[in-house]
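Input: a single structure, listed below in structure tokens.
The values are calculated or read from the model by the stated rules, or taken from the named source; none is laboratory data. The structure presented is a predicted model; accordingly, all values stated were derived computationally and were not measured. For neighbour counting, all protein chains shown are included, and Cβ atoms are generated from backbone atoms with ideal geometry for every residue, glycine included.
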Amino acid sequence: MVIPLLEPIDMAGKTITADALLTQRKLASYLIERNADYVFTVKGNQPILREDIRLIFEGRAKPDFTEPLTLAHGRIEQRSIWTSTALNDYLDFPGVGQVFVIKRPTIEKTTGETKSETVYGITSHTPGSADAAGVLAFNRGHWTIENGCHSILDWNWDEDRGTIRTGHGPENITALRRFAIGAIKAKSRVSGVNYFGRSATIILAGEPRCSLGAESPVFWGGRGCPWWGRAREGARRATGVV
């Protein structure tokens, strides 16, 4: 359970977001007791709750808020959100302030393929503390860490399938990778997030070109990249073991 991890944190006045795995009454009650708010995604692991929310938005009319069209990651997309307080006195869920549904149609720029995703959710925020645009912003902000760190590690180094498991190896390689990510983001001519999403190589400002593929000299000992020594030394200082 995530609650022990939250104990040392001052959460008063903060908003905690969670994907469906943590959409739990116990966690909601805990956050309310700590004077925090929540924004939870509701999926199939809460079937009755999800169906109640789906039904209240069946035949929904004009969205309460729609973002402008955006082009990112090769997709044209737009998010719309509908919110409702009609279930507040009906749902058996602590501290509910409103429920919501988000629809995200996308068009692949290169192929023209269209898709549409519908997400249901629940929040302790009332319309007075977070309107439709605010709830949508909380929902989108939930993925900041995933997109800014975890997906970079997995996309570029296939970390989720890593086989380094013994001794201090996992800590060492993770420290090395994260240190290098920070160095690359700091020195790249483009932002780290945009860079990692676009290409497997970058040109460091004022430095020779370095590959970031699976056999990259940055991470596997090649001396051709000037960042290798700095990254390795940073990992050594961070772990004391490399």
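This table checks each residue for (1) under 23 Å from the mean Cα position of the chain (by Cα); (2) surrounded by 17 or more Cβ atoms within 10 Å (Cβ to Cβ); (3) free of Cβ contacts under 8 Å to residues at least 40 places away in the same chain.
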position: Pro4; (1), (2), (3): yes, no, yes
position: Asp10; (1), (2), (3): yes, no, yes
position: Lys43; (1), (2), (3): yes, no, no
position: Arg50; (1), (2), (3): yes, yes, no
position: Ile56; (1), (2), (3): no, yes, no
position: Leu69; (1), (2), (3): yes, no, yes
position: Ile76; (1), (2), (3): yes, no, yes
position: Ser80; (1), (2), (3): yes, yes, yes
position: Phe93; (1), (2), (3): no, yes, no
Residue in the range 70-90 that is touching a Phe, Trp or Tyr at 6+ places or on another chain (Cβ under 8 Å) and assigned to a loop (DSSP other than H, G, I, E, B) present: no
Per-region count, the range 94-120, residues modelled with pLDDT of 95 or more and assigned to a loop (DSSP other than H, G, I, E, B): 4
Odd one out for Ile81, checked against (1) among the aliphatic types (A, V, I, L, M); (2) out of contact with any helix residue (DSSP H, G or I) (no Cβ under 9 Å at 6 or more places or on another chain); (3) under 15 Å from His125 (Cβ atoms): (2)
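Yes or no, residue by residue, for (1) touching a Pro at 6+ places or on another chain (Cβ under 8 Å); (2) closer than 21 Å to Leu136 by Cβ; (3) assigned to a strand (DSSP E or B); (4) of a type outside the set (Val, Ile, Thr):
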{"position": "Leu31", "(1), (2), (3), (4)": "no, yes, no, yes"}
{"position": "Phe40", "(1), (2), (3), (4)": "no, yes, yes, yes"}
{"position": "Arg60", "(1), (2), (3), (4)": "no, yes, no, yes"}
{"position": "Asp92", "(1), (2), (3), (4)": "no, no, no, yes"}
Residue within the range 156-178 that is among the aromatic types (Phe, Trp, Tyr), surrounded by 14 or more Cβ atoms within 10 Å (Cβ to Cβ) and modelled with pLDDT under 95 present: yes
Hits in the range 97-128 (condition: free of Cβ contacts under 8 Å to residues at least 60 places away in the same chain and buried (at least 21 other Cβ atoms within 10 Å of the Cβ)): Gln98, Val99, Phe100, Val101, Ile102
Test for Gly44: is it at pLDDT 95 or above and touching a helix residue (DSSP H, G or I) at 6+ places or on another chain (Cβ under 7 Å): no
